[in-house]
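First the structure, in the form of C-alpha cells, and then the observations on it.
The values are calculated or read from the model by the stated rules, or taken from the named source; none is laboratory data. Fair warning: this is a prediction, and the values are worked out from it, not measured in the lab. Cβ: placed from backbone, ideal geometry, glycine included. Neighbour counts: every protein chain shown.
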Amino acid sequence: MSALLHGIRVLDFGRYIAGPYCAALLAEYGAEVIRVEKREGSEDRFVAPIGSGGEGSLFLQMNRNKLSLTVDPMTGEGREIVRRLVRTADVVVANLPEQSLAAMGLDYASLSALRPDIIATTSNAFGATGPMAKNVGFDGVGQAMSGAVFMTGEPGQPYRAQVNWVDFGTALHCAFGTMAALMERSRSGKGQHVKGSLLGTALTFMNSYLIEQAVTAINRVPTGNRGQAAAPVNIYRTTDGWVLCQVVGQPLYERWARLMGEPHWLADPRFASDLSRGENAAIIDARMNRWCEGRTTNEAVEILGAAKIPCGPVLNAQGALDHPQVQALGLFQPLGYPGIPSPAPVGRVPLSMSVTQGEIRHRAPLLGEHTGRILGELGYDAASVAGLRERGII
C-alpha cells in the first residue's frame, strides 16, 4: 500500500521549526519534500552543532525524509529555478515575513499565478494584520505575549519555557490546515492560502486562562510549579530527586486522601472542591512534601501510579533517553549522519495509526545533496547545472 501522501510534492522554504516541522510531518506520511536553502546553508542548519560538518541536532530532527536543493532566489536565474519548481509542486511551506515572501516570489499571488491549485502554507510571528504584523519574532515572543511566561514564573521573575512549544504548535496547526486544504482540493480542484502565526498559536493554547480572566477578572499571579485551581499539584522533592504529581478532580483527590490514610482531608470544608483546594494548596503541599521526602523517586512513582494518581519523575535529558517507559514507546529511530560520532535518536511522529502509519525513510540531507537530481528533473542538463554552480546560483 502506498503512503498516504505519495505523489504530493512539497517545497519547504521554512527555517527553524514552525515551517520545517510542518513539512516534516507531511514527509513522514509520504510527501516528497524538497528543502530549499541558501548555497552556504541556512542558519537553522547549524543550531546546536553535533558533528564535524556543523549540522545541528535541530536540523537532523526537522529535516528527516527531505531532499536538499540550494539556490539563490534573489537572482534572475535563481528565480527561474524557483518558478519551475513551483509549477511541479502541490504545497509550498514557508515561515517567513510577508515582505520576504514577496521579495522571493513566494507570496500567494505569485505562487497561484504559476499554479492556480497551489496550496501555500505560511506562518509568521504576529499574523497578517495589526500594528506588529511586520515585526519578526521567535517562539519566546508568542510565549511572552500570550500570558504564558507571566504565569510560568515566580512572583517578580517570569520564565519562558526552554522547549519551543509555540513553534511546534504552529507547525501542527499548519500541517492540519495543509491536510484540510489538500482534502478540499481533491473535491473542488481549488488551492488556497493557509496562514498561521506564533502569537495565534500561543493565544490558543492559553485560551482557557484568557476566558477565565475575561469573565471573572481574577488576575491570577504566578505560583511557580504549584497549581492554582487544584491540589496537590506541584513538584515534590524525594530522597534522590523530584516527582511531579497532579491531582485534579474529586475522584483523584479521594484516591490521594485514601493513600495518605487520613480521613480528615475529605471532611475539611477547606478542601471540598478543586478551587478551594487550590486556594489552600500550601496546606496540602506540606502533607505531600512530607510523604515524598521519605521515599525515592521510583518508590513515589510506583506507589502513586498503583493508586491511579497522575505522576511522573522529573528527568534530565539523559534520564529521559534512558527511562524504560520512554524506551518502550519505540519513538526514536537511530539515524546516522555524515560527521556525527553515533546515530542520532530522531523521533517519529508520535502517532500509531492502524492503516496509514507514517515512517522515517532516510536521514536529513547534506547541504545541496539533491540539487543536481532535482534540477535534472526540471529540464536542466549537466552543462547547465555546472554553469549555475560556477555562477554561484546553486
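List of remarks:
- Flag for Phe59 being in contact (Cβ under 8 Å) with a residue 12 or more places away in the chain, surrounded by fewer than 22 Cβ atoms within 10 Å (Cβ to Cβ) and among the aromatic types (Phe, Trp, Tyr): no
- Options Arg258, Arg290; residue that is assigned to a helix (DSSP H, G or I), of a type in the set (D, E, K, R) and surrounded by fewer than 13 Cβ atoms within 10 Å (Cβ to Cβ): Arg290
- Whichever residue in segment 324-338 is part of a loop (DSSP other than H, G, I, E, B) and touching a Leu at 6+ places or on another chain (Cβ under 9 Å) and, among such residues, is surrounded by the most Cβ atoms within 10 Å (Cβ to Cβ): Tyr337
- Within segment 1-32, considering residues that are modelled with pLDDT under 95 and of a type in the set (A, V, I, L, M, F, W, C), the one surrounded by the most Cβ atoms within 10 Å (Cβ to Cβ): Ala3
- Taking first residues from segment 97-111 that are among the charged types (D, E, K, R) and partners that are modelled with pLDDT of 95 or more, the Cβ contacts under 9 Å between residues at least 6 apart in sequence or on separate chains come to Glu98/Asp107; Glu98/Thr122; Glu98/Asn124; Asp107/Ala120; Asp107/Thr122.
- Per this entry, Leu321 is counted among residues that are assigned to a helix (DSSP H, G or I), closer than 30 Å to Arg35 by Cα and touching a residue at least 12 places away in the same chain (Cβ under 8 Å).
- Within segment 106-126, if we keep just the residues that are within 18 Å of the chain's Cα centre (by Cα) and part of a loop (DSSP other than H, G, I, E, B), the residue that is surrounded by the most Cβ atoms within 10 Å (Cβ to Cβ) turns out to be Ala125.
- Criterion applied to Ala328, Ala286 was being at pLDDT 95 or above, among the hydrophobic types (A, V, I, L, M, F, W, C) and closer than 29 Å to Gln250 by Cβ, and the one residue passing it is Ala286.
- Qualifying residue in segment 104-117 (condition: farther than 14 Å from Arg15 by Cβ, at pLDDT below 95 and basic (Lys, Arg)): no
- Filtered residues of segment 355-394 (kept if hydroxyl-bearing (Ser, Thr, Tyr) and closer than 24 Å to Gln61 by Cα): Thr356, Thr371
- Residue match in segment 69-86 (condition: within 19 Å of Gly372 (Cβ to Cβ) and without any contact (Cβ under 8 Å) to a residue 12 or more places away in the chain): yes
- Test result for Trp256, aromatic (Phe, Trp, Tyr), within 19 Å of Lys308 (Cβ to Cβ) and touching a residue at least 40 places away in the same chain (Cβ under 8 Å): yes
- Checked against (1) part of a helix (DSSP H, G or I); (2) crowded, with 24+ Cβ neighbours inside 10 Å, Val93 passes all but a single condition, namely (1).
- Any chance Leu335 is in contact (Cβ under 8 Å) with a residue 60 or more places away in the chain, among the hydrophobic types (A, V, I, L, M, F, W, C) and more than 26 Å from Val163 (Cβ to Cβ): no
Here is a yes/no grid of residues against (1) touching a residue at least 40 places away in the same chain (Cβ under 8 Å); (2) touching a Gly at 6+ places or on another chain (Cβ under 6 Å); (3) within 30 Å of Val86 (Cα to Cα):
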{"position": "Ser146", "(1), (2), (3)": "yes, no, no"}
{"position": "Gln162", "(1), (2), (3)": "no, no, no"}
{"position": "Phe168", "(1), (2), (3)": "yes, no, yes"}
{"position": "Ala181", "(1), (2), (3)": "yes, no, yes"}
{"position": "Gly189", "(1), (2), (3)": "yes, no, yes"}
{"position": "Asn207", "(1), (2), (3)": "no, no, no"}
{"position": "Ile211", "(1), (2), (3)": "no, no, no"}
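- Helices (runs of 4 or more DSSP H) wholly inside segment 155-219 that include at least 1 residues being loosely packed, with under 13 Cβ neighbours inside 10 Å: 165-188, 207-216
- Exactly one residue out of Glu279, Glu262, Glu299, Glu293 is outside the structural domain of Val349 (by TED's automatic domain parsing), of a type in the set (Asp, Glu) and touching a strand residue (DSSP E or B) at 6+ places or on another chain (Cβ under 9 Å), and it is Glu293.
- Residues of segment 339-363 that are under 24 Å from Gly53 (Cα atoms), free of Cβ contacts under 8 Å to residues at least 40 places away in the same chain and surrounded by 11 or more Cβ atoms within 10 Å (Cβ to Cβ): Pro343, Pro345.
- Between Arg35, Arg45, Arg83, Arg87, the distinction of being of a type in the set (Lys, Arg), surrounded by fewer than 16 Cβ atoms within 10 Å (Cβ to Cβ) and not in a loop (DSSP other than H, G, I, E, B) belongs to Arg87 only.
- Residue match in segment 295-302 (condition: acidic (Asp, Glu), more than 26 Å from the chain's Cα centre (by Cα), surrounded by 14 or more Cβ atoms within 10 Å (Cβ to Cβ) and under 30 Å from Pro158 (Cα atoms)): no
- When Ser352 is tested against the conditions (1) more than 27 Å from Gly30 (Cβ to Cβ); (2) within 19 Å of the chain's Cα centre (by Cα); (3) among the small types (Gly, Ala, Ser), the lone failure is (1).
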